[in-house]
Every structure is written in C-alpha cells, then in structure tokens.
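The values are calculated or read from the model by the stated rules, or taken from the named source; none is laboratory data. None of these values were measured; they are calculated from a predicted model. Every residue, glycine among them, receives a Cβ derived from its backbone with ideal geometry; neighbour counts consider all protein chains shown. With ligands, DNA and RNA removed, areas are computed over all heavy atoms of the protein, side chains included. Shrake-Rupley method; radii C 1.70, N 1.55, O 1.52, S 1.80 Å.
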Amino acid sequence: MDTDKNAHGCYNNDVKGVTTDIFKFEEIIRCDLLYVDKTKYIYDLVGSMDRRFFFLSRPRRFGKSLFCSTLHALFDGRRDLFKGLYIAEETDYSFEKYPVIHLDFSKMSLLSEQSVFNAVQKGIIGAADANGISIGIDDPSLMLDDLITRAMEKTGKPVVIIIDEFDSPFTSEFGSKPEFIEYMRKLFNGLYKTIKADSGYIRFFFITGCVKLANLSIFSAMNNLKDISMDPRFAGAFGYTDEEVERFFGEGIDEYLATNPEKYGSREDFIKAIRDYYDGYRFSSDSETRVYNPVSIGSFFSDGCVFRNYWNATGVSTMAVELARRYDLLSIVDEMPSVDMESFTSFDISLLSGKRLSIDSIYALLYFAGYMTIHDGNELGLMLRFPNREISSSFSKSLASAYTENGIGGTVFEADKAACRGDIDGFISILRDYYSRFPYLLFDKRNERFFHLLFHAFMVSLGMDAYAEDAGSIGRADEVLITDRYIYIFELKIDRSAAEALEQIKDRHYADKHIRQARDGKRKIMLIGISISSETRNITEYMHEEFDLGC
C-alpha cells in the first residue's frame with residue numbers, strides 16, 4: 001500500500017491506520033488515523049439557521065459518537081483539524097467558535113438511582129469545566145440552566161448542546177423495574193424541559209440515540225426538534241457506503257488480492273463477498289443508499305480480511321437474546337415482517353419493564369438495535385429484513401441459543417467445518433446434537449413448521465448463503481445451503497422416510513436452478529433427504545447422493 005497517503009485519503013502504515021475503538025475526532029486526526037469524511041452531512045446540518053434542533057437515531061457502534069465529536073470540534077472553531085476535509089475545502093463555513101456543552105450518556109453507571117443522579121451531575125460539571133465555568137448547584141436541571149445562561153453571558157454567543165446516546169440509561173437496562181425507569185424518566189424530563197425553556201440561548205442542538213422514546217418531554221414539548229433518522233438526505237451519514245469503502249479501503253482490497261490470488265476469481269467477486277457479509281443497512285425507504293457498519297468493515301480490514309462477526313463481538317446489545325427469552329421470535333429467521341410506522345417514530349420506554357410489548361414494537365426494537373433494516377416501505381410502515389450475513393448469522397445463533405441450556409456456538413463452528421469439507425455424515429451428526437439441545441417442552445403443541453424453523457435458524461447461523469423454501473419450477477426445496485465447494489439441497493419429512501424426501505428433491509428438479517452456479521463456481525450439488533421423528537424430536541435417518549451436473 002501507499003503508506004504516504006494521509007488519513008483523509010486512505011491508509012497509513014498499511015491497515016494499522018484503521019481504528020474501531022477511538023471515537024474522538026481530534027484524536028483520530030492528530031494520530032493520523034483513517035477518517036472517512038462525513039463533513040458534507042455536517043455542513044448540511046449546520047450550514048443553515050432555518051433548523052437548529054435535530055434528533056438522530058442509529059444502532060450502537062454506527063459512528064454517532066464520532067459524529068458528535070466532529071460537531072464539537074467544528075463549533076469549537078478548530079479549523080486546523082478539518083484541513084483536507086469537505087467542509088473546509090469545498091464550503092464557505094466560517095468555523096466560528098461557540099461554547100459547547102457535550103454530554104455523553106453512554107458512559108453512565110446505572111447501579112442505582114443515586115448512581116444515575118451522580119453521573120448526570122458529573123457530566124454537567126465536566127461540560128462546565130470545559131467552558132471555564134464553576135457551578136455550585138446540586139440539582140441537575142438547575143445546573144444545566146445555569147451553565148447555559150452563564151456560558152452565553154461569558155462569551156456573548158449562544159451555546160451548542162450535543163447529547164450522545166440519550167437513551168442509553170433506559171435501553172441498556174432492558175427489563176429494569178418500573179420504578180427505576182420512572183425515576184430516570186423524571187430526571188431526564190427535567191433536563192429536556194430546561195433545554196426547551198432556554199432554546200433562545202441555543203445556536204445548535206443535536207441529540208442521538210437508538211430509540212425515539214415517547215413520554216420524554218424533549219419529543220413532546222420541543223415541537224421544533226427535527227427527526228432526521230429516516231431522512232433520505234442523511235441515509236449515508238452513518239456507516240460506510242459502497243463508494244466510501246472503495247475510496248478509503250480500496251488499497252486494502254487490492255493488497256489482499258495481490259497476496260491471495262487464488263481466493264477469488266476477480267476483484268468484483270471479493271467485493272461482492274464483503275458486501276454480502278457486511279453491507280445492507282438501509283435507514284430510509286426513500287433512498288436506495290445502503291451502508292456497512294463501520295466497526296465491522298474496519299475490523300475486517302484490520303484483521304487481514306478475515307470474515308468474522310465483528311459487530312456482535314463488541315457486546316453491542318443483548319437485546320436479541322433478551323427478547324427471545326420473553327417472546328417466540330423464531331419465525332423471524334425466514335420472514336420479512338411489516339411494521340406500522342408509528343412503532344418507529346415513538347416508543348414507550350415503560351413497556352420495557354414487563355412482557356407487554358406488541359409484535360410491532362419488538363420488530364421496531366430489533367431495527368433500532370441494528371439486527372434488522374429496511375427492505376421496503378412508505379409513510380404507513382416498513383418491511384424489515386436482516387441487513388447481511390454477519391447479522392443474520394449472529395442473530396440466529398443468539399436466538400437459537402436462547403432456547404437451549406448450553407447455547408450452540410461450538411456446534412455452529414463444527415458444522416461450518418463439516419459443510420465446507422463435504423462431510424455430510426459429520427454434518428448430520430452435528431444436527432442431531434443441535435436438535436437434542438432443545439428441551440422437549442419447547443416442542444409441545446408445535447406444528448411441523450417449528451422443526452423447519454429450527455433447521456433454517458441453524459443454517460443461517462453458519463454465516464453462509466442459506467435459503468428456506470427455495471422456489472424451483474415445480475416446487476420448493478425446504479433448505480439450500482451454499483459453501484465455496486458445495487451446494488446442499490435439503491428436504492425434511494416429519495414422521496416420513498428419508499427416501500421419500502430424497503425422491504422429492506429429484507422428482508421436482510430442485511437442483512436444476514443451481515446447475516449453472518455449480519458449474520461456474522466448480523461446486524458439487526449434494527441432495528439430502530432427512531426424516532425427523534415428532535416423538536423423539538430429532539433426525540432418525542437420512543439419505544444423500546451427488547447430483548449429476550452432466551457435461
């Protein structure tokens with residue numbers, strides 16, 4: 001790679017310039033690390049006085065903190081940090097200095113009501129210190145009001161308020177007692193009422209979170225707060241677009257292919273593999289823009305282009321497992337749910353404390369958490385889907401593990417190896433172990449579809465191409481799994497023979513649609529018929545054979 005390029009253009013010192021754990025804009029620039037330029041979106045926000053109050057929802061680890069830090073540097077007048085970036089080189093922005101109050105609620109300790117109170121106090125005192133102001137009041141709302149008014153009096157300029165991860169104190173304590181949530185709600189309501197009352201002293205207000213919560217006064221009282229979460233103009237503001245990956249990581253792609261020429265048939269094949277695994281997040285139904293999670297793609301290149309589930313490994317959210325423990329969500333692995341738009345525009349935080357969530361609210365939470373994304377939609381509602389293989393694999397594994405006593409992580413690892421090397425006997429043995437991990441009560445009164453859903457959830461968790469109900473010319477195969485060397489076509493029969501299942505695959509020509517893909521990719525097509533007993537709730541027999549691709 002060209003190690004002479006600076007962080008604004010591409011890499012430094014090979015891929016060591018890529019960071020996934022530094023979220024301060026100044027530190028990234030000073031350390032000459034990779035910064036994907038998002039200042040055009042920032043200019044679109046701050047360049048006009050028509051709108052000054054904004055809310056932005058995105059999942060955790062999607063660049064919100066870095067965006068907030070960049071805003072802080074901008075309003076602090078740090079022109080020197082923006083050299084080479086869009087807002088400094090392509091606009092007339094003045095870099096005028098304003099007093100900045102920057103609060104990050106993601107760092108709060110939530111052990112008790114007192115710890116939350118202390119954390120809010122500490123955040124406001126820190127913002128006051130940064131502005132050279134001493135506050136002697138104890139009540140957080142009064143402290144914030146005093147800070148706003150005194151900062152304006154001191155500088156003669158209106159203040160800028162940036163609040164990052166405003167909902168973290170609520171959503172991180174999934175399942176907290178109602179009285180604890182109510183205490184936090186009242187505490188934060190007081191802060192937001194202060195902001196509304198002091199709106200005349202505010203030059204710019206920006207607040208981020210995962211969920212737009214109802215029953216917090218900021219969203220009901222501040223009727224001038226503009227929600228840009230699904231605004232098509234900001235669809236690419238968080239995460240990396242295809243064009244940005246090519247521009248900022250293109251040399252990493254070329255270097256990997258140069259040192260591993262046998263891995264992919266072409267550069268486009270490699271890019272497609274990256275796109276399938278990490279791309280696909282869509283945050284506006286009015287825009288076709290899709291983005292990569294920045295932690296995932298940054299970790300991928302830093303780790304030598306190894307495909308792993310990086311985002312989930314950050315411990316970003318336990319919401320999927322928690323929701324699975326409360327609700328029967330297994331059907332989500334092969335569905336694209338449609339959700340009423342109202343579920344996305346506001347969410348009642350008090351509902352998290354009990355088993356009272358509607359199915360639309362559950363799906364909306366999965367969207368906010370980053371497990372699902374927009375497939376299609378309009379002003380009435382959205383159709384959701386998994387964004388990519390990384391998420392479908394991580395979610396399915398977490399979901400299935402929530403139903404078992406010991407999880408399925410090791411089972412998935414062994415199954416992946418068996419499928420890749422064509423070891424069907426070993427693969428079926430692992431599947432038997434997988435089914436045996438589910439308690440018998442889970443199957444009580446379940447229909448045949450439940451066995452298929454468990455099967456598909458396992459296939460998806462492998463992180464490969466897995467399709468349920470794969471439609472052919474005269475029927476649908478129960479499951480298709482595609483690896484680098486094999487295309488597996490499965491048919492499941494409950495309380496019927498494996499021979500019947502195998503014959504159905506052949507009689508209905510399920511393999512025909514995959515012949516070209518097999519030939520082009522030099523893959524073998526393996527036909528597998530499986531019999532499952534409803535009494536033992538496991539695989540009793542199986543038969544397989546290789547499909548003849550012909551000439």
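When PHE490, PHE450, PHE458 are checked against the criterion of being under 30 Å from TYR264 (Cβ atoms), part of a helix (DSSP H, G or I) and touching a Phe, Trp or Tyr at 6+ places or on another chain (Cβ under 8 Å), PHE458 stands alone in meeting it. Looking at region 501-510, which of its residues are more than 19 Å from PHE455 (Cβ to Cβ) and surrounded by 15 or more Cβ atoms within 10 Å (Cβ to Cβ)? If the condition is that a residue be more than 19 Å from PHE455 (Cβ to Cβ) and surrounded by 15 or more Cβ atoms within 10 Å (Cβ to Cβ), then GLU503, LYS506 are the ones that fit.
Residue-level analysis places GLY190 outside the set of residues that are in contact with a Phe, Trp or Tyr (Cβ under 9 Å, 6 or more places away or on another chain) and in a helix (DSSP H, G or I). Scanning region 509-520 for residues that are within 34 Å of the chain's Cα centre (by Cα) and at pLDDT below 90 turns up at least one hit.
Scanning region 348-371 for residues that are open to solvent by less than 10 Å² (accessible area, probe 1.4 Å) and either at pLDDT below 85 or out of contact with any Pro (no Cβ under 7 Å at 6 or more places or on another chain) (or both) yields ILE349, LEU352, ILE362, ALA364, LEU365, LEU366, TYR371. When region 367-419 is limited to residues that are outside any helix (DSSP H, G or I) and among the hydroxyl-bearing types (Ser, Thr, Tyr), the one that is farthest from PHE455 (Cα to Cα) turns out to be THR373. Say whether the condition of being of a type outside the set (Lys, Arg), within 26 Å of LYS226 (Cα to Cα) and touching a residue at least 60 places away in the same chain (Cβ under 8 Å) is met by at least one residue in region 131-148. Taking every residue of region 131-148 in turn, none turns out to be of a type outside the set (Lys, Arg), within 26 Å of LYS226 (Cα to Cα) and touching a residue at least 60 places away in the same chain (Cβ under 8 Å).
Cβ-Cβ distances below 7 Å connect no pair with a first residue in region 538-551 that is of a type in the set (Ser, Thr, Tyr), a second residue that is outside any loop (DSSP other than H, G, I, E, B) and exposed (fewer than 12 other Cβ atoms within 10 Å of the Cβ), and a separation of six or more residues or different chains. Condition (residue is of a type in the set (S, T, N, Q), under 22 Å from the mean Cα position of the chain (by Cα) and modelled with pLDDT under 95) applied to region 242-264: is it met by at least one residue? Among the residues of region 242-264, not one is of a type in the set (S, T, N, Q), under 22 Å from the mean Cα position of the chain (by Cα) and modelled with pLDDT under 95, which makes the answer no. The sole residue among LYS524, LYS513 that is open to solvent by 80 Å² or more (accessible area, probe 1.4 Å) and touching a Phe, Trp or Tyr at 6+ places or on another chain (Cβ under 7 Å) is LYS524. Among the residues of region 15-51, which ones are more than 15 Å from LEU81 (Cβ to Cβ), modelled with pLDDT under 90 and open to solvent by 60 Å² or more (accessible area, probe 1.4 Å)? The answer is LYS16, ASP21, MET49, ASP50, ARG51.
Applying the criterion of being within 23 Å of LYS263 (Cβ to Cβ) and more than 29 Å from the chain's Cα centre (by Cα) to the residues of region 444-486, the residue that is surrounded by the most Cβ atoms within 10 Å (Cβ to Cβ) is TYR486. Pairs meeting the criteria (first residue in region 507-520 and touching a residue at least 60 places away in the same chain (Cβ under 8 Å), second residue aromatic (Phe, Trp, Tyr) and open to solvent by less than 70 Å² (accessible area, probe 1.4 Å), beta carbons under 7 Å, at least 6 apart or on different chains) are lacking. Name the residue that is surrounded by the most Cβ atoms within 10 Å (Cβ to Cβ), counting only residues in region 252-277 that are basic (Lys, Arg) and closer than 19 Å to ASN388 by Cβ. Of everything passing the filter in region 252-277, ARG275 is surrounded by the most Cβ atoms within 10 Å (Cβ to Cβ). Is it fair to say LEU56 is within 21 Å of PRO294 (Cα to Cα), open to solvent by less than 10 Å² (accessible area, probe 1.4 Å) and not in a helix (DSSP H, G or I)? For LEU56, the condition - within 21 Å of PRO294 (Cα to Cα), open to solvent by less than 10 Å² (accessible area, probe 1.4 Å) and not in a helix (DSSP H, G or I) - is met.
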